[in-house]
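One structure below.
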Amino acid sequence: MVLQLKGLLAALAVTAAALIIVGSRAHAETPLERGTYLVRGIVACGNCHTPKDAAGKARADLELAGGREFDLPIGKPIAPNITPDLETGIGTWTDAQIITAIREGKRPDGTLIGPPMPIGFYREMSDRDVEAIVAYLRAVKPVSHKVGKSVYNIPLPSAYGPPVTKVAEIPRDDKVAYGAYLAGPLGHCLECHTPFVSPGVLDLSKIGAGGRELEAFSPDGESAIVISANITPDRENGLGLWSDDEIKRAIMRGEAKDGHELVRTMAFDWYAHISETDLDSIVSYLRSMKAVATTK
Ligand code: HEC
Ligand code: HEC
């Protein structure tokens, strides 16, 4: 009887272990699933690479087909077509070439990709995540859409840094570290929310203090300027007095603390798809930042 019970317990233990394995397999995302989650969410390549309608909403029929023109002090960059179209997109590029474009800002022909593509942040994207993003880019609908060439009135650097070889995963159980990864290398929140010391150069002593002049979309289709907000814990200018839920509502729904609608420069139409755990990590990271007063 005792032996039988032992046998039964052992069998149950084996079954439980099998269930756990099956369970974790069921949860392990494929690269395409991860890439879809990232590009349609926190990474939001489409905030620049998908043309927007007059209200500032991304056009689903032209997903990642390029053509958005930026009017910046450094020139007039145009976001290219990054769908798999063979002639007007990046359909002929290899996976490795696309990864080099994203993390090193270098095209297959050796030319450099200029701002505002946030290469400085993308350099820190993990191997697994950048591969997942490529899997998604391969799966989007190819769109034949020829766009113009960027014009810069500043010289571009010869490189953004040494070649990026291996970037390890950031452990997700360290919420602040993973939140910093979400807000930096993946979401480039800090690119828009950090002031410049000189055109195109972020003031790293004021990370998150806002004050950048960015393009806005007004409902009448006219482009206008919007100033990015201070997202450090500063109590006067920043998020110091905001609740976690208020911060999450601003990110996901574009709702300010007082309820007014934020301008569609920030990618909240994409951020609406960020998971609750990732949002928690972003908030933990924002809370951990140094409080900096807004300068402008
Ligand atoms: C803030 C705006 C912005 C974001 C965000 C952005 N890009 Fe770009 N991207 C650009 C601009 C502008 C260019 C063209 C720059 C130039 O002409 O030198 C570009 C160029 C590229 C190119 C080169 C294509 C070619 O044909 O030359 C690729 C590939 C690319 N981006 C992929 C991506 C991917 C993938 C993401 C998301 C992970 C992304 N970009 C996010 C603005 C952006
Ligand atoms: C393309 C630039 C851009 C990116 C990327 C961006 N933001 Fe923003 N964000 C803005 C601008 C501009 C505003 C102000 C909008 C307004 O005043 O209507 C803003 C507003 C906010 C606000 C509201 C603050 C306030 O005082 O009203 C929060 C919170 C915020 N952003 C957090 C984030 C986080 C977190 C991320 C990354 C997940 C992010 N932003 C990415 C440009 C950006």
task: Past 30 Å, Cα to Cα, is the threshold; run Lys175/Lys257; Lys141/Lys206; Lys206/Lys248; Lys149/Lys248 against it and keep the listed order.
output: Lys141/Lys206; Lys149/Lys248
Estimated vicinal HN-Hα couplings, Hz - region 264-280 in sequence order (Karplus 6.51, -1.76, 1.60; Gly, Pro = x): 6, 8, 5, 7, 5, 5, 7, 4, 4, 9, 5, 5, 4, 5, 5, 4, 4
statement: To the nearest Å², the heavy-atom accessible area per residue of region 211-296 with 1.4 Å probe amounts to 54 Å²
field: Computed magnitude of the charge dipole of region 174-296 (debye, nearest 20; Cβ of K, R +1, Cβ of D, E -1)
entry: 380 debye
- prompt: At what distance in angstrom do the alpha carbon centres of region 147-179 and region 223-264 lie from each other?
  reply: 25 Å
field: Kirkwood hydrodynamic radius of the chain, from inverse mean 1/r over distinct Cα pairs, in Å
entry: 20.8 Å
field: Degrees separating the helix 95-104 axis from the principal Cα axis of the chain, which is the longest one
entry: 60 degrees
query: In terms of the Cα gyration tensor, with a ≥ b ≥ c the square roots of its eigenvalues, is region 154-214 rounded because a/c is under 1.5, prolate because a/b exceeds b/c, or oblate?
result: oblate
- line: Once Lys and Arg are counted +1 and Asp and Glu -1 for all other residues with Cβ under 13 Å from that of Val134, the total becomes 0
query: Given Cα pairs under 8 Å that are at least 6 residues apart, what percent is the relative contact order of the chain?
result: 18 percent
query: In square angstrom, rounded to the nearest 10, how much accessible surface does Met125 have for a 1.4 Å probe?
result: 0 Å²
- request: Please name which of Gly240, Pro118, Phe70 has its Cα lying farthest along the dipole of the chain towards the positive end, using unit charges on Cβ (Lys, Arg +1; Asp, Glu -1) and the Cα centre as origin.
  value: Pro118
message: Let me make sure I get this right: for region 20-135, a, b and c are the square roots of the gyration tensor eigenvalues over alpha carbons, sorted descending. Under 1.5 in a/c it's rounded, otherwise prolate if a/b > b/c, else oblate. Which is it?
response: prolate
query: So which of Lys52/Lys76; Lys76/Lys146; Lys76/Lys166; Lys52/Lys146; Lys106/Lys166 end up more than 23 Å apart, counting from Cα to Cα?
result: Lys76/Lys166
query: Under a point-charge model restricted to the Cβ atoms of Lys and Arg (+1) and Asp and Glu (-1), what is the dipole moment magnitude of the chain relative to its Cα centre, in debye to the nearest 20?
result: 460 debye
query: Looking only at Val164, Val130, Val201, which one moves most when the chain is put into a Gaussian network model with springs between Cα atoms under 10 Å?
result: Val201
message: Computing the accessible area with a 1.4 Å probe over protein heavy atoms, can you report the carbon and sulfur percentage for region 29-169?
response: 58 percent
query: When N counts the residues of region 175-296, how does its alpha-carbon radius of gyration compare numerically with 2.2 N^0.38 Å, as a ratio?
result: 1.01
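The values are calculated or read from the model by the stated rules, or taken from the named source; none is laboratory data. In this text the structure is predicted, and so the values were computed from the model without any measurement. Using ideal geometry, Cβ is built from the backbone for each residue, glycine included, and neighbour counts are taken over all protein chains shown. The accessibility values were calculated without ligands, DNA or RNA, using every heavy atom of the protein model including side chains. Shrake-Rupley method; radii C 1.70, N 1.55, O 1.52, S 1.80 Å.
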